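Engineer: Got a structure for you, questions after.
Rule-based calculations on the coordinates, nothing more; no lab input. Keep in mind it's a predicted model, so treat the numbers as computed, not measured. So basically every Cβ, Gly included, is an ideal-geometry build from the backbone, and we count neighbours across all protein chains shown.
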Amino acid sequence: KVMLFWFRRDLRLDDNVGFYQALQNNAPVLPLFIFDTEILENLPKTDARVTFIHEQIQKINHQLSASYGSGIVQFHGAPKAVFKKLMKDYDIEAVYANHDYEPYAKKRDAQIKVLLNENGIPFNTFKDQVIFEKEEVVKDDGDPYVVYTPYMRKWKENLDPSVHLVECDTLSDLSKNLYRTKSLPQLSLEDMGFEESSIKVPDFTVSSELIQKYKDTRDYPAKEKGTSRLGPHLRFGTVSIRRMIKKAIGEKNETFWNELIWREFFMQILWHFPHTVNASFRPKYDRIEWRNNQDEFEKWKAGETGYPLVDAGMRELNETGYMHNRVRMLVASFLCKHLLIDWRWGEAYFAEKLLDYELASNVGNWQWAAGSGVDAAPYFRIFNPTTQIKKFDKDKKYINIWVPDLQELSYPEPMVDHKMARERCLKTYKEAVS
Ligand code: FAD
């Protein structure tokens, strides 16, 4: 008999709730990872996130085989077919995993549960990637919060560190309860039709110093270590959220902690309002007559709008898979408001490029920028792409990194006049929403 622990977006051994729970049984635990063809087939062959996931799986496998004579069994396929094969190859007592709240994942897990249950196998899943999930932080009448500040207050009120921040000591159970096996075959990126990306996920910094200074540094894209770069690590679970929250609340400055709560705020929005992946949270905003000019969209994507801070952001995204939050807000506002291009187009482009791409946060923030979402920027708040430079990059340090051609003749003129675009936006939005 074996227990399977299915790794998904929790790619670490320590303080991993589902893995820990699996290890508390008598039967040995065999870790599993599925390179899901239903997700991978839509991605470019050099996708940097696939390279990152692959590296993490190799790392975990190496740790498990070097220290414990175990490993991680890997497949490239559709989860249902993989589980059918696993049920033939192993006598499975139960399957363990952590909750995943995205619409695709919910559907996938529901199907796998049915398949396993039909074969008498329980599918046990746990909360791991957030402190509070689903209905755990709601208004007194049970309705979900759609405004951040009261949600954040209630989140903090509900937090009991002795319950919610306890880490599970997975590592000390590894030696006794892992399934021992001869080395398991490893899948290479090439086996799956992928190539190694030259874009790498950087390490993160969450030091006391960063948290203390964060409030003053977080808005300046040129500042080194002004933000944590935690995004992809939280996305793929290479770090535990409990550990990060503990660090955050150990410091006096709450700004960093509050950002981690924004992440959970958008996750619960997606949970309660899954239709907002494609539809505006405020339905009136789907009446906006987007111009959706393809040539303009291409210029925005390439960072050739003629607005240096917008271009710097887009070029940083294209080259590194990252863009600073300040600049994300600006490029998103520019796309929706200056160019009147549907937020869904921008959301899809970010989804393709961001290493920290997270459906809930991406949709939530894009809808915030477009004005159509929960707790969104009012539609008449239109960032001025020139004055934003004075506020956040006044020495042009950030711009000079990403737009070295700024002084050259080849650098484009602004693709649209700010004043005209602003008026056009106000008129179009007003017609739709008032
Ligand atoms: P830090 O500033 O160090 O913050 C720490 C962590 O807090 C982040 O890693 C993230 O998990 C969380 N966080 C911070 N700000 C936000 C926020 N506004 N919303 C939700 N969580 C937040 N963040 C994503 O994780 N994935 C996305 O796909 C994503 N898309 C975005 C799209 C737009 C248009 C905008 C304006 C913002 C988006 N963000 C997204 C939020 C934010 O820009 C990034 O989380 C942040 O820039 C990542 O850098 P960092 O890890 O250094 O963040």
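Engineer: Separation between the Glu319 and Thr149 pseudo-spin-labels, each 7 Å from Cα along Cα→Cβ, expressed in nm?
Structural biologist: 3.9
Engineer: While we're here: Which residues does a label at Arg287 reach in segment 416-434, if reach means a backbone N under 13 Å from a point 7 Å past the Cα toward the Cβ?
Structural biologist: Label zone hits: 428-434.
Engineer: Let me have the 222 nm mean residue ellipticity of the chain computed from DSSP H runs of 4+ only, each contributing -39500 (n - 2.57), with the sum over all residues rounded to the nearest 500.
Structural biologist: Details: 20 runs with 206 residues, N = 434.
Theoretical 222 nm ellipticity from helices: -14000 deg cm²/dmol.
Engineer: Here is a follow-up. Could you pull out the pairs from Lys127/Lys353; Lys200/Lys397; Lys1/Lys106; Lys252/Lys397; Lys225/Lys247 whose alpha carbons sit more than 19 Å apart here? Mind showing how you got there, number by number?
Structural biologist: Numbers: Lys127/Lys353 28 Å; Lys200/Lys397 23 Å; Lys1/Lys106 27 Å; Lys252/Lys397 30 Å; Lys225/Lys247 17 Å.
Correct reply: Lys127/Lys353; Lys200/Lys397; Lys1/Lys106; Lys252/Lys397.
Engineer: Still on this model: Mind checking segment 289-342 for GluC sites (Glu not before Pro) that DSSP puts in a loop (not H, G, I, E or B) and that have at most 13 other Cβ atoms within 10 Å?
Structural biologist: On the way: sites: Glu289, Glu296, Glu298, Glu304, Glu316, Glu319; in loops: Glu289, Glu304.
Sites meeting the loop and neighbour criteria: Glu289.
Engineer: Sticking with this one: Work through the residues other than Phe5 whose Cβ is under 13 Å from its Cβ and net out their charges, Lys, Arg +1 and Asp, Glu -1. Write out the running numbers ahead of the final one.
Structural biologist: Values: positive: Arg8, Arg12; negative: Asp10, Glu93, Asp128, Asp173.
Combined, the nearby Lys, Arg, Asp and Glu give -2.
Engineer: Turning to a different aspect of this structure: Which far-off residues, 5 or more places away or on another chain, put their amide H under 5 Å from the one on Phe126, with H placed in the peptide plane?
Structural biologist: Here Ala97, Asn98, His99 satisfy the definition.
Engineer: Here is a follow-up. Just to be sure I understand the model, the point goes 7 Å from the Cα along the line to the Cβ. What's the resulting Lys84 to Glu209 distance in nm?
Structural biologist: Here the answer is 5.6 nm between the modelled labels.
Engineer: Order these by the 10 Å Cβ neighbour count, fewest first: Ser197, Ser175, Ser361, Ser65.
Structural biologist: The most exposed by this proxy come first: Ser175, Ser65, Ser197, Ser361.
Engineer: Still on this structure, I have one more. Please compute the length gained on full extension between Asn26 and Tyr68, using 0.36 nm multiplied by the number of residues separating them and subtracting their Cα-Cα distance. Each step should come with its number before you reach the end.
Structural biologist: On the way: separation 42, 0.36 × 42 = 15.12 nm, distance 1.69 nm.
That works out to 13.4 nm of additional length.
Engineer: By a straight-distance test (C-alpha under 19 Å), which lysines pair with Lys430 as possible cross-link partners, with residues fewer than eight away in the same chain excluded?
Structural biologist: Cross-link targets: Lys284, Lys337, Lys419.
Engineer: Additional query: Check Ile92: other-chain or 5+ apart residues with amide H under 5 Å from its amide H, H built from backbone geometry?
Structural biologist: Residues meeting the criterion, in which the H sits 1.01 Å from N, are Val2.
Engineer: Sticking with this structure for a sec: Of all beta bridges DSSP finds with both residues in the chain, what is the antiparallel percent, to the nearest 5? Write out the running numbers ahead of the final one.
Structural biologist: Details: 1 of 20 bridges.
Percentage antiparallel, nearest 5: 5.
Engineer: In nm, to one decimal, how far is the Thr46 label point from the Asn253 one, both placed 7 Å along Cα→Cβ?
Structural biologist: So the two model labels end up 3.7 nm from each other.
Engineer: Between Gln111 and Ser198, take the C-beta separation as r, use R0 = 35 Å, and let me know the FRET efficiency to the nearest 0.05. Write out the running numbers ahead of the final one.
Structural biologist: Values: r = 36 Å, r/R0 = 1.03.
It comes to 0.45.
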